[in-house]
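Please read the structure below before turning to the comments.
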Amino acid sequence: MASVAIDKARTAQALRESEEHYRHTVEHNPQIPWTADPQGRIMSLSSRWKEATGLPVESAIGHGWFQALHPEDVDRVRGYWAERLQTGEPADLKYRIRLEDYTYRWVRARATPRRDEDGQIVKWYGAVEDIHDLELATERLHRQAYVDDLTRLANRRSVEEELAGLLQEPRTCGPVELLVVDLSGFRHLNDRFGHETGDAVLRLFAILLRKCLSETDVIGRIAGDQFVVMLHEPIGEAGLQSFAVKLARELEHRMDRNTRTRNVGVRIGCARSLVGDRCEDLIRRAKMALYAAKEDSKQPARLFTPALQRTINERADQLELARQALRSRWLVPYYQPMIDLRSGEVAGAEALLRVDHPADGILSPASIWAALDAPKLSKLINDQMMALVLSDLREWGPWPASVGSISINLSGEMLMQEGLARSLLRKLERKSVKPHQLTVEITERVLVDELAPKTRQCLEQLQRHGVRVSLDDFGTGFASLTHLQRLPVNEIKIDRSFVSDLGQSGTGTAIVKSMIHLAQNMGIDVVAEGVETTEQAHLLQEWGCRYAQGYYFSKPLPADEFGAIWCAVTKPYRGTFQQKRPLPTRSDGVAVSHS
């Protein structure tokens, strides 16, 4: 009996020690242990519950713990817990609980059931763990990965994942409709007012974009000033085009209210998904439509169509042909003679670009038109053309300034080159070409370019050394008389669009007369382009226009054919003086081409 009593005492002591150990373990555990009956009613709960929530432990017994949940999480947690009670599977979920100061913290609750020999659930054992700091860090990382820091919209990665998901799932409501929105003029604003202002404009635009769209539409920022919109409800091809135009105009109207954004425009490209489309396919087509909208000053939004695809393919073909022509030296200059209307003599020529294709023959500049608008390619084309023209000039030999010159067009990109004037003058010297033998042509676009001061300095330097400067396509651009007065210009070329109306329209006649009169008063030579009839030639001569060129006199000629005519005109000046030989003339006294 004494032995049994001793064993009982030892057992009781061990039990007390175990209970004390368990109590200390539970009390010092950062988690909140709990137990529940098979129906999910809380039976016991650690005293840390009150420390964490401020609610008495007794209030959480049964289903009272739901009172501490965040209102947005109640339904989700109830549904999840009911499902686990039915299936008997372990539980693991996250939710927010209210603290004593009425703030909320994220917790993770896990529970497993204990079963009897028959497999019936006897009790649930679980614990609640504070994961608030970890959840905030995870949320912060998610924002960095999927949210644009500046505008708080979805970033490119988020947009692409969302779009990829929409394209993969079957849609009964119709194709996915995507808009790419771009701020035209934003780069100028950013350069003028600084990046802080630029960032503020982007934030403002994001807010305006959200106000103009439905809450269910997905909006994201995928590049500096480019945004995308995925419409929740498809509105059809015609509706999409109309909607995009209205959206662009509404955004521009709202931007007009701010003095900084008054000159910022909105352009939108739209596209609808096709069967088998990938995310990048749809975005690419929308961007193609956007680029088309940028080139169209009348329409702020464009919808991608097969016709637009053909145009883009043609542009790509033109760019590739230009690259091949540069590599294979297919570019050749053709020379269109310029005629002195007073004497009927050849007074120079304009060097025109042609492509000498080995299979298709001589192609016009239209075959590589897209390359002439591409800054890098246009510069390379300009450089190669200049080298070819200078080689022809060296071949034909020198002549006095009174005979005339060969003109060649300079692109705006080429004029922006640092040290262009010095480089060109050195090339003339190496080729033994006199500066007065060359005329450089610029368009009116160069006059209104923001870099006009650099252009002016370059042209003034060339002019000081004897190179003539011609303003091409006069009257078709936006150059003011102030620009014309400030820039060093030796001659203006009246565009063929005005010359073609001579004798037919009183307006065209008045414009041409005014141009001639203006140039004469400013001491500038006048060249009329595109002369094709006897009447046009006579009228220009009568009004005092000095020079003309066009198919009436001669089509553009290859270097060897024009060189034969030009050398006949300039040959007397290489040796003893002889009478210049003009082009043959008609019975009416107007010169015609040797060809």
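The values are calculated or read from the model by the stated rules, or taken from the named source; none is laboratory data. Just so we're clear, the structure is a prediction, and the values are computed from it rather than from any experiment. A quick note on method: Cβ atoms are made from the backbone with ideal geometry, for glycine too, and the neighbour counts reach across all protein chains shown. Calculation scope for accessible area: heavy atoms of the full protein, side chains included, ligands and nucleic acids excluded. Shrake-Rupley method; radii C 1.70, N 1.55, O 1.52, S 1.80 Å.
Side notes on the structure shown:
- No other residue among Gly508, Gly466, Gly475 is open to solvent by less than 50 Å² (accessible area, probe 1.4 Å), at pLDDT below 90, of a type in the set (Gly, Ala, Ser) and in contact with a strand residue (DSSP E or B) (Cβ under 9 Å, 6 or more places away or on another chain) apart from Gly475.
- Of residues in the range 190-226 being of a type in the set (Gly, Ala, Ser) and open to solvent by 20 Å² or more (accessible area, probe 1.4 Å), the one nearest to Ala289 (Cα to Cα): Ala223
- Leu69 within 53 Å of the chain's Cα centre (by Cα), open to solvent by 50 Å² or more (accessible area, probe 1.4 Å) and at negative phi: no
- Whether a residue is surrounded by 14 or more Cβ atoms within 10 Å (Cβ to Cβ), outside any strand (DSSP E or B) and aliphatic (A, V, I, L, M) was assessed, and Leu163 passes this test.
- Number of residues in the range 105-141 that are under 30 Å from Arg152 (Cβ atoms) and hydrophobic (A, V, I, L, M, F, W, C) equals 7.
- Top-ranked residue of the range 131-158 - restricted to ones that are of a type in the set (S, T, N, Q) and within 27 Å of Ile97 (Cα to Cα), ranked as least open to solvent (accessible area, probe 1.4 Å): Thr138
- Selection count, the range 118-130, where residues are buried (at least 16 other Cβ atoms within 10 Å of the Cβ) and small (Gly, Ala, Ser): 2
- The range 47-142 holds helices (runs of 4 or more DSSP H) entirely within its bounds, and those carrying 1 or more residues that are closer than 19 Å to Pro33 by Cβ and modelled with pLDDT of 85 or more map to 57-60, 74-87.
- Comparison of Leu290, Leu247 shows that the only residue that is under 22 Å from Leu204 (Cβ atoms), in contact with a Cys (Cβ under 7 Å, 6 or more places away or on another chain) and buried (at least 20 other Cβ atoms within 10 Å of the Cβ) is Leu247.
- Arg152 passes every criterion in (1) of a type in the set (Lys, Arg); (2) under 29 Å from Arg260 (Cβ atoms); (3) over 21 Å from the mean Cα position of the chain (by Cα); (4) assigned to a helix (DSSP H, G or I) apart from (4).
- Boolean, Ile283 is farther than 12 Å from Val180 by Cα, surrounded by 15 or more Cβ atoms within 10 Å (Cβ to Cβ) and among the aliphatic types (A, V, I, L, M): no
- Count of residues meeting criterion [under 13 Å from Arg315 (Cα atoms), touching a residue at least 24 places away in the same chain (Cβ under 8 Å) and surrounded by fewer than 21 Cβ atoms within 10 Å (Cβ to Cβ)] in the range 347-369: 2
- Enumeration of residues in the range 227-244 that are among the hydrophobic types (A, V, I, L, M, F, W, C), open to solvent by 10 Å² or more (accessible area, probe 1.4 Å) and assigned to a helix (DSSP H, G or I): Ala238, Phe243
- For the range 296-309, the criterion of being within 21 Å of Ser242 (Cβ to Cβ), charged (D, E, K, R) and surrounded by fewer than 20 Cβ atoms within 10 Å (Cβ to Cβ) is met by at least one residue.
- Here Ile32 qualifies as touching a residue at least 40 places away in the same chain (Cβ under 8 Å) and either open to solvent by 60 Å² or more (accessible area, probe 1.4 Å) or within 25 Å of Val122 (Cα to Cα) (or both).
- Whenever a residue of the range 510-538 is under 18 Å from Pro556 (Cβ atoms), its partners that are part of a strand (DSSP E or B), lying with C-beta atoms within less than 6 angstrom and at least six residues away or across chains, give the pairs Val527/Glu491; Val527/Lys493; Val527/Tyr547; Ala528/Ile494; Ala528/Ala548; Glu529/Lys493; Val531/Ala548.
- Among residues of the range 166-189, those that are open to solvent by less than 30 Å² (accessible area, probe 1.4 Å) and part of a helix (DSSP H, G or I), counted: 2
- Across the range 373-402, the number of residues qualifying as aliphatic (A, V, I, L, M), closer than 20 Å to Ala568 by Cβ and open to solvent by 10 Å² or more (accessible area, probe 1.4 Å) comes to 1.
- Sole residue being closer than 30 Å to Trp396 by Cβ and at pLDDT below 90, chosen from Glu429, Glu460, Glu491: Glu460
- If only residues of the range 511-532 that are under 15 Å from Ser470 (Cα atoms) and of a type in the set (Gly, Ala, Ser) are counted, the one that is most open to solvent (accessible area, probe 1.4 Å) is Gly523.
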